[in-house]
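Colleague: Here it is, the structure, as structure tokens.
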Amino acid sequence: MAAPRRSGRSRFTLFLLMLLSVTLLTLDARDFGPVERLKDGISAVVSPIRSFGDAVFGPVGDAWQGLSENDDLRRENEELRSRLEAVQGEIIDDKGAADELRDLKDQLGLEARDEYPTTTAEVLAASISNFDEFVLEINRGTVDGVRDGMPVVTVGGLVGRIEDTGRRTARVRLITDPSVSVGVKVVGTDEVGIITGQGEDRPLVVSKGSIRVDAEVEVGDVIATSGSDRSLYPPNIAVGTVVAVEVDQGTLEKRLLVEPSASLERLRFVTVILFDPEADDAGPAAATTTAQGSPGGGD
Amino acid sequence: MVLYVRFTVVVVLVLVLQVELFSELRLWGVMPELLMGTTVATAWAAGPDRGAVVGFVAGLLYDLYLPTPLALSALTYVLVAYGVGNVSAALASSGERRLRQLVTLCAVAAGIMLFVTLGELLGQPNLYTDRLVTIVIVATLYTTLLMTPIRRLVLWALGDEKRPAPKPLRLEVVE
């Protein structure tokens, strides 16, 4: 008789835990307040242990990455050296151009990214899952004015958007994620479209939009956020550079392959733009978040 | 009480190893599923009840750091633990190492597939990808390689509370 009783108890435990899991799944999907607070509370308790673990195991992880990516790093280093020489020559030209651009923006009343409050965040961890490699965890949360949907940038350009904000941490979903779409424009033209990710180490693609087949878009053109109505992103954040132009014969539209301008690998710091599209209807000054931020940021 | 404290220590330790160390020590971009391994080892050594409880707690803690919905891993681990616990209870020769390794292999692979299936049912993106086969194979083998230290941790946590070995079957000849 012992075996059936044991089996019955196991089934009861299974049923209870499954019920609890499904309840939590449902409540989490509805952003139920107490569950969110519970998540924050447990994270706060585990956080110091995790920080200790990071301090202990961090060097091991770095060493492993150094070993496994040695060839890539060497190749990247050589490329960067050659690009540095070219860029140094361009800096002088760019300084003059930047002054002209600032004057033009002042005259036309265009918004600049610097006008929005920002907060710089440290990247705590890259993806810690086998499945979703398009996320980062940062050390800024609701207490810093960070909210879901806010854009995240580095000096290079757009990195992603905030999701699942906790009190002191948040997740960044990278623009390389196929589920992320951003309204963009081709700088210097009237062409607008929607850019989406295609996965890690693959270019972004502008395919859903209105890049007409006769539009004058070429390889090397710069893509930036359009900041159109209902867009989650303010205008004029650099997204990337066009590396290939394909023509879709079915829709008679151009399909643009875009290399992200921000480096999305080995990010250490990012900048969250505290941009609230609804509050921003009256202009950037209406952004209600008040975190003490620093402009810019870097990777 | 000591049992709970020990299991808490083990689960938090494995969580930190998973999140802070093995998320970097990837093979072909894949990391081991240490918390699932802990669940499997507990279910094997202590039965479906304790396995499911440990799996639920381990999964819930892991879920805090994953972009997938809270309790998705917990639900997966509970089901895996229940399966492994019942399989190990049904096998009289549960101490056999090769058999244990085979069950672990199958359980981890099934667990990953179950996680993906449940996630897909909930409409989660980026789970069913073209890397799924690679992930299942590498994560399963990687986890199985690390099962010896995980099992030792679980046995330490259990202390004297290990499940007694099943009684040998007695055959009676009825005339």
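Read-outs throughout are calculated quantities, based only on the coordinates presented, and are distinct from any laboratory measurement. Just so we're clear, the structure is a prediction, and the values are computed from it rather than from any experiment. Note that each Cβ is placed from the backbone with ideal geometry, even for glycine, and that neighbours are counted across all protein chains shown.
Colleague: If you build a Gaussian network model of chain B, linking Cα atoms that sit under 10 Å apart, which residue out of B:G37, B:G59, B:G159 swings the most?
Modeller: Of the options given, B:G159 has the highest mean-square fluctuation.
Colleague: Then there is this: Tell me, A:R81, B:R26 in order of fewest to most beta-carbon neighbours within 10 Å?
Modeller: With the fewest neighbours first, A:R81, B:R26 line up as A:R81, B:R26.
Colleague: Quick query: amide H of A:A224 versus all other amide H atoms, modeled in the peptide plane; which residues come in under 5 Å with a sequence gap of 5 or more or a different chain?
Modeller: HN-HN under 5 Å from A:A224: A:K185, A:V187, A:V239.
Colleague: Now a separate question. When only DSSP loop residues count, what GluC sites (Glu not before Pro) in the range B:1-88 have their Cβ near at most 10 other Cβ atoms within 10 Å? Intermediate results must be reported in sequence, preceding the final value.
Modeller: Details: sites: B:E20, B:E24, B:E33; in loops: B:E24, B:E33.
The qualifying sites: there are none.
Colleague: Here is a follow-up. Modelling each spin label as a point 7 Å along the Cα-to-Cβ direction, I'd like the A:V155/A:D214 distance in nm, to one decimal.
Modeller: In this crude spin-label approximation the distance works out to 4.3 nm.
Colleague: List the GluC sites (Glu not before Pro) within the range A:230-275 that DSSP assigns to loop and that have no more than 16 neighbouring Cβ atoms inside 10 Å.
Modeller: Qualifying residues, ordered by number: A:E265.
Colleague: Under 5 Å between amide hydrogens, which residues at least 5 positions from A:G149 or on another chain qualify, with H placed 1.01 Å from N in the peptide plane?
Modeller: Answer set, sorted by chain and number: A:I162, A:E163.
Colleague: Here is a further query. In terms of modelled amide H atoms, which long-range or inter-chain residues lie less than 5 Å from the amide H of A:R255?
Modeller: A:E246, A:V247, A:D248
Colleague: Read phi for every residue in the range A:258-273 and hand back ³J(HN,Hα) as whole Hz from Karplus 6.51 cos²θ - 1.76 cosθ + 1.60, θ = phi - 60°, with x for Gly and Pro.
Modeller: Along the range A:258-273, the couplings run 10, 8, x, 7, 8, 6, 9, 9, 6, 6, 10, 10, 9, 10, 9, 8 Hz.
Colleague: Return the loop-located trypsin sites (Lys or Arg not before Pro) in the range A:232-268 (DSSP other than H, G, I, E, B) with at most 10 other Cβ atoms within 10 Å of their own Cβ; answer none if there are none. Provide the component values of the computation, followed by the final result.
Modeller: On the way: sites: A:K254, A:R255, A:R266, A:R268; in loops: A:R266, A:R268.
Within the range A:232-268, the qualifying trypsin sites (Lys or Arg not before Pro) (loop, at most 10 other Cβ atoms within 10 Å) are A:R268.
Colleague: Could you check the simple spin-label distance between A:E200 and B:Y4, using points 7 Å along Cα→Cβ, in nm with one decimal?
Modeller: 3.9
Colleague: Of chain B, which part is the longest with no chymotrypsin sites (Phe, Trp or Tyr not before Pro) in a loop (DSSP not H, G, I, E, B) and with at most 14 other C-beta atoms within 10 angstrom?
Modeller: Values: sites that count: B:W28, B:Y128.
By the stated rule (loop sites, at most 14 other Cβ atoms within 10 Å), B:29-127.
Colleague: Same structure again: Taking the Cα centre as origin and putting +1 on Lys and Arg beta-carbons and -1 on Asp and Glu beta-carbons, what dipole magnitude results for chain B, to the nearest 20 debye?
Modeller: Values: 13 positive and 12 negative charges, 92 e Å.
In total the dipole reaches around 440 debye.
Colleague: Rounded to whole Hz and in sequence order, give me ³J(HN,Hα) for the range A:182-196 from the Karplus expression 6.51 cos²θ - 1.76 cosθ + 1.60, θ = phi - 60°, writing x for Gly and Pro.
Modeller: 10, x, 10, 9, 8, 4, x, 10, 9, 6, 10, x, 10, 9, 9
Colleague: What FRET efficiency do you get for A:V245 and A:V60 if R0 is 41 Å and r is their Cβ-Cβ distance, rounded to the nearest 0.05? Please report the intermediate quantities before stating the final value.
Modeller: Details: r = 44 Å, r/R0 = 1.08.
Given R0 = 41 Å and the Cβ-Cβ separation, E is 0.40.
Colleague: Once phi is turned into θ = phi - 60°, what whole-Hz ³J(HN,Hα) does the Karplus curve with 6.51, -1.76 and 1.60 give for every residue of the range B:21-26, x standing for Gly and Pro?
Modeller: Each residue's phi maps through the Karplus curve to give 10, 6, 5, 9, 7, 9 Hz.
Colleague: Suppose each label sits 7 Å from its Cα in the direction of the beta carbon; what would the A:F269-A:L73 distance come out to in nanometres?
Modeller: Computed distance between label sites A:F269 and A:L73 equals 2.1 nm.
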